[in-house]
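Taking it in order: structure first as structure tokens, then the write-up.
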Amino acid sequence: MPAALPINEEENDMTTTRRRFVQGGLATGAIISAPATIRAQTTPSAARTIRAVLHGDLRVFDPIWTTANMTSYHSGMVYDMLFGVNDKYEPQPQMVSKWSLSDDRKTYTFELRDGLRFSDGTPVTARDCVASIRRWGARDGGGQHMMARLADTPVKDDKTFQIVMKEPYGLVVEWLAKAATNVCYIMREKEAGTDPNQQISTIIGSGPFTFNESAVVQGQRYVYDRNANYVPRSEPAVMTSGGKVVNVDRVVFENIADEATAIAAIRAGEIDMIEYPNVDLLDSLAGEKAIKLEVLNKQGQLGWARVNWLHPPFNNIKARQAMLHLIHPTEVMKATFGDEKYFRGCSSLFGMGTPMENDANIDWFKGAPNIEKAKQLVKESGYDGRPVVVLQATNIAYMNNAANLIAQWMRQAGFNVSLQASDWGAVVTRRAVKAAPDQGGWNVFFTSGSVNAFGNPVSLSGHAASGEKGWFGWPTNELHEQLRDKWAGAQTDAERKQIARDIQQNAWDFVPHAYFGQWFQPAALRNLTGLIGMPELIPFWNVKKG
Amino acid sequence: MLSYLVQRLASTILVMTLVGIFVFLLLHLSAGDPAAIIAGDYATPQQIVAIRQRLGLDDPLLVQFGRWALRVIQGDLGVSIFSSTPVSTLILQRLEPTLSLAILTMIFAVSIAVTLGVLAAWKAGRPVDRLLMGFSVLGFSMPTFVVGYCLIYVFAIELRWLPVQGYRPILDGIGPWFMHLVLPTVTLGLAYVALIARMTRASMQEVLEEDYIRTANAKGVSARTMLMKHALKNAGVPIITVIGIGVALLIGGVVITETVFNIPGIGRLVVDAISKRDYPIIQGVILVFSGVYVLINLAVDLSYSLIDPRIRH
């Protein structure tokens, strides 16, 4: 039995003195605030932290496993690329210090720059790069095109490797530099060796930030800390090229699902950025001097209506041509984005403002909308009045509005439209169904993509017209496929632009799909400067807060 | 009593089994393919098929159900299709915000509502009663998100007294934790204040007409003793029933409140999981919710006997 402890009379006194009250209060305060104090020692200050609300939740962390843009944003923080692009979309060395092309134009030799390290401290080697290129090449449209013509990828030494092609191929560096998903990010050989159809489980890159997994709340918050091992290039930052100099300690991707809450949070100074604030709520930011609206992706997004080539009526060229004539992009865009400064129509197959934009075969656009012409084409198609199933994703505003308006114009043109509402999750399932529309299939669905992605005739899966092997809608056109191959093999920009004209000339005749507008949604920035505006990525290097 | 308890707990297992089967079938028979969502918008059909095979989503439904049920029996709720994180980890990660919100809401609602209900019953037919009941109708009819936005506008944007959104764990300090929960608690609690206050008033009014209350009055018992000691205890059973129902309804209510105030709770977890068709999360959360619901009902039933000894016999 332990000895009885001596009782201190003063401690045993139950009365409360002023001194004891103050002491007790201070002790309670210290206990309550202690955890916060401990945390504050490891958490960067608010002045050195950027909190950004981006366009969606980060659901997948592997940039090869998915083509989702949020995953590309995450990967742009954590991983680096062999090449970046400048503001003319020209490839510029990023992880590479120098590179050369052999006289027979088949062998590319790349040397890595000094000081490249992964965030775990291990050096980046040529073997890591080759493994990453091979995994990317197994999934990406452009990568697959390149790998089909690849002879070998020999590693010469720790810093040097080659890409040897079977034939001269002009797009190797362009593919390695492109920012449209899937991006060729460099991982450690260990992760890059993972089956491309399986998600990687470790996130270690050599990019300007490290992924702080311990601070992540899935579905809510993703945290990136400055990578102390990162050595930026000395050139100024331009798009994904140049020095990725990080001026803050931490970036947090906050997933605020409610748009009104996000607006209130930026007004109250709780967050620093909203990538796509709801345009209906922009007026409420008008009086806020600290907040500015800025279009970061100047190429914007392109909305497209995919038609199903496997079933009537869109297995008929006249019915597809009718779709070009009946859509009124301005009305669709107005319904969602209101102010005309945020949208425009799109006549080029490759989007407006891309290097491949051209005006071949766009008479349909100049005369659109022309319901009478559409009516005539529907009649000529021999359409028999069967229901045309239009999929409507009601939980995404622009898709919902596009479906409502275009369905109405389709009815005016003579189609018997069956508008079928669901959420986007159900649309992505149903669009993969090849059965007839009355057996669970479909005729039309709406979606959008980055204009930058549309600017490349080969890497965007939706540009293929390879039938049932291709993207949903499954258009088929042999000449189109030949021209895409020819474009990939072209050696100069001038040559590529001419082939792009030929592709478009042919495409607007056979109509693989139709566009319903191109939009440029502004971001809301609170006391942020130096944010580089570009498509496909929000780069948090170069940014300063305050 | 013990056999009653065992019987009720056994029925909990039966209810959860039925819920499990129902939720599994409902999810897998409704439209939506997580593989297509994972693959992203530019993915080709071949890539989606490869992901579906990798995740075992192309196996027959019975095989998938068997696999899931076997794991659940062993206490394993599976892993998220998207993040590969165990569902139990995700639920535990989200438990603190939801529990904090639910507990604070119930404390807020019960303490305000019972006081108001007793006051309204005592002053029945007078202006105070009409005012309180008018307020309760308003509280009950205003949608949660409207109340939330109004409170955010006044207290977070205009007055800057409280944060707009987010959640701070209790380990960050009680002050920040509490400040982040004030607006969500009031938003969510208002409807429950209205519901419980009306029930308290009705129940109290009935009791206040009893003979023994009249006798107490005649004996000169103070109003406070009469109301709180003699009347409220006897009016307690219906009030506790409503509070029990309120706790169960709270599980649904937190979904909207957590979304409006950006609280990383279980409500947000399940809404996000539904939008991306993350089946294991949806199944896991609903299973846990159904278990909690049944246990709350059991606790309410057991509490009757504590309040009213007649029920014990």
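The values are calculated or read from the model by the stated rules, or taken from the named source; none is laboratory data. Computed from a predicted structure; not experimentally measured. For neighbour counting, all protein chains shown are included, and Cβ atoms are generated from backbone atoms with ideal geometry for every residue, glycine included.
Observations, loosely collected:
- Long-range neighbours under 8 Å by Cβ, at least six apart or interchain, first residue free of Cβ contacts under 8 Å to residues at least 60 places away in the same chain and among the hydroxyl-bearing types (S, T, Y) within region B:72-89, second surrounded by 16 or more Cβ atoms within 10 Å (Cβ to Cβ) and assigned to a loop (DSSP other than H, G, I, E, B): B:S83/A:R59; B:S83/A:V60; B:S83/A:F61; B:S83/A:Q218; B:S84/A:Q199; B:T85/A:Q218
- Of the strands (runs of 3 or more DSSP E) lying entirely inside region A:429-546, the ones with 2 or more residues being closer than 25 Å to A:R320 by Cα and within 14 Å of chain B (Cβ to nearest Cβ) are found at A:444-450.
Residue-wise test of (1) under 21 Å from the mean Cα position of the chain (by Cα); (2) farther than 30 Å from B:T259 by Cβ; (3) of a type outside the set (S, T, N, Q).
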| position | (1), (2), (3) |
| --- | --- |
| A:S214 | no, no, no |
| A:Q220 | yes, no, no |
| A:A228 | no, yes, yes |
| A:V231 | no, yes, yes |
| A:E235 | no, yes, yes |
| A:G243 | no, yes, yes |
| A:N247 | no, yes, no |
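- Among the residues of region A:183-202, those that are out of contact with any Asp or Glu (no Cβ under 7 Å at 6 or more places or on another chain), touching a residue at least 24 places away in the same chain (Cβ under 8 Å) and either more than 12 Å from A:I133 (Cα to Cα) or surrounded by fewer than 18 Cβ atoms within 10 Å (Cβ to Cβ) (or both) comprise A:G193, A:T194, A:N197, A:Q198.
- Of all residues in region B:167-181, those being outside any helix (DSSP H, G or I) and either modelled with pLDDT of 95 or more or facing chain A (nearest Cβ under 7 Å) (or both) number 1.
- Scanning region A:286-324 for residues that are within 30 Å of the chain's Cα centre (by Cα), in a loop (DSSP other than H, G, I, E, B) and surrounded by 17 or more Cβ atoms within 10 Å (Cβ to Cβ) gives A:L296, A:N297, A:Q299, A:G300, A:N308, A:W309, A:L310, A:F314.
- Qualifying residue in region B:248-265 (condition: in contact with a helix residue (DSSP H, G or I) (Cβ under 9 Å, 6 or more places away or on another chain), within 29 Å of B:P163 (Cβ to Cβ), free of Cβ contacts under 8 Å to residues at least 40 places away in the same chain and of a type in the set (D, E)): no
- Restricting region A:251-270 to residues that are at the interface with chain B (Cβ under 7 Å from one of its Cβ atoms), touching a residue at least 40 places away in the same chain (Cβ under 8 Å) and surrounded by 23 or more Cβ atoms within 10 Å (Cβ to Cβ), the residue that is farthest from the chain's Cα centre (by Cα): A:A265
- Comparison of B:L298, B:L269, B:L227 shows that the only residue that is more than 23 Å from B:L99 (Cα to Cα), part of a helix (DSSP H, G or I), in contact with a helix residue (DSSP H, G or I) (Cβ under 6 Å, 6 or more places away or on another chain) and among the aliphatic types (A, V, I, L, M) is B:L227.
- Qualifying residue in region B:36-45 (condition: of a type outside the set (A, V, I, L, M, F, W, C), more than 7 Å from chain A (Cβ to nearest Cβ) and out of contact with any Phe, Trp or Tyr (no Cβ under 7 Å at 6 or more places or on another chain)): no
- B:G267 fulfils the conditions (1) over 10 Å from the mean Cα position of the chain (by Cα); (2) at pLDDT 80 or above; (3) not aromatic (F, W, Y) except for a single criterion, (1).
- Pair list, Cβ < 6 Å and 6+ apart or interchain, from region A:503-518 residues that are over 18 Å from A:V444 (Cα atoms) to residues that are among the basic types (K, R): A:Q518/A:R344
- In region B:230-288, the residue that is nearest to B:L195 (Cα to Cα) out of those that are more than 14 Å from chain A (Cβ to nearest Cβ) and among the small types (G, A, S) is B:G246.
- A:A126 vs. criteria closer than 19 Å to A:V231 by Cα and free of Cβ contacts under 8 Å to residues at least 60 places away in the same chain: yes
- Screening the candidates B:L183, B:L232 for the property of being touching a Leu at 6+ places or on another chain (Cβ under 6 Å) and in contact (Cβ under 8 Å) with a residue 60 or more places away in the chain yields one hit, B:L183.
- The set of residues in region A:203-218 being surrounded by fewer than 21 Cβ atoms within 10 Å (Cβ to Cβ) and either assigned to a helix (DSSP H, G or I) or not polar (S, T, N, Q) (or both) consists of A:I203, A:I204, A:E213, A:S214, A:A215, A:V216, A:V217.
- Boolean, A:K244 is touching a residue at least 40 places away in the same chain (Cβ under 8 Å), of a type in the set (K, R) and either touching a His at 6+ places or on another chain (Cβ under 6 Å) or at negative phi (or both): yes
- Residue in region A:399-417 that is in contact with a strand residue (DSSP E or B) (Cβ under 7 Å, 6 or more places away or on another chain), within 13 Å of chain B (Cβ to nearest Cβ) and surrounded by fewer than 23 Cβ atoms within 10 Å (Cβ to Cβ) present: yes
- Qualifying residue in region B:56-69 (condition: within 7 Å of another protein chain (Cβ to nearest Cβ) and within 28 Å of A:S448 (Cα to Cα)): no
- Taken together, the residues in region A:499-526 that are within 30 Å of A:G546 (Cα to Cα) and among the aliphatic types (A, V, I, L, M) amount to 3.
- Residue within region B:210-226 that is surrounded by 13 or more Cβ atoms within 10 Å (Cβ to Cβ) and touching a residue at least 60 places away in the same chain (Cβ under 8 Å) present: no
- With a requirement of 1 or more residues that are away from every other protein chain (no Cβ under 14 Å) and within 20 Å of A:W487 (Cα to Cα), the strands (runs of 3 or more DSSP E) lying completely within region A:79-182 that satisfy it span A:83-85, A:91-93, A:96-101, A:107-112, A:150-152, A:160-165.
- Taken as a whole, the condition of being surrounded by fewer than 23 Cβ atoms within 10 Å (Cβ to Cβ) and outside any helix (DSSP H, G or I) does not apply to B:R198.
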